[in-house]
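The values are calculated or read from the model by the stated rules, or taken from the named source; none is laboratory data. Being a predicted model, the structure only gives us computed values, none of them experimental. Cβ placement follows ideal geometry from the backbone for every residue including glycine, while neighbour counts extend to all protein chains displayed. Note: accessible area is taken over every heavy atom of the protein model, side chains too, but ligands, DNA and RNA are not part of it. Shrake-Rupley method; radii C 1.70, N 1.55, O 1.52, S 1.80 Å.
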Amino acid sequence: MLASLLRDPLVTRATLSRALEAYETIRLPQANRVQRGSRQSGIMYEFNSVLEDRYAELGQEIEHMWDWLWVRSPEEDVRRGLRLMKGNLSGHL
């Protein structure tokens, strides 16, 4: 996604910070969610979650905890980032 934003002809040294803001707006929440999910996975794998060793429930939770990753495609994130970046740039060109 970052490469797609940076190769846009509107991105120059003067506008680079706006492109990076768009990238951060899209990617940071997702990265934070991955970090929280990874921590929770580790807790579950060690049987330290509220589910403890209730294997059937634990298995279902583990199986579906990353489903949210497939709601949007990387291409959608790129399109959203480009729109956001161009909106950020519109007042600064």
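The residue that is nearest to residue 86 (Cα to Cα), among those in segment 25-69 that are open to solvent by less than 50 Å² (accessible area, probe 1.4 Å) and part of a loop (DSSP other than H, G, I, E, B), is 65. Residue count for segment 1-13, restricted to those that are without any contact (Cβ under 8 Å) to a residue 24 or more places away in the chain and not in a helix (DSSP H, G or I): 4. A count restricted to segment 70-79 and to residues that are open to solvent by less than 60 Å² (accessible area, probe 1.4 Å) and not in a helix (DSSP H, G or I) stands at 1. Taken as a whole, segment 63-84 holds no residue that is farther than 13 Å from residue 1 by Cβ and hydroxyl-bearing (Ser, Thr, Tyr).
Every condition in (1) loosely packed, with under 14 Cβ neighbours inside 10 Å; (2) in contact (Cβ under 8 Å) with a residue 60 or more places away in the chain holds for residue 82 except the one numbered (1). Residues in segment 6-24 that are open to solvent by less than 40 Å² (accessible area, probe 1.4 Å) and over 16 Å from residue 84 (Cβ atoms): none.
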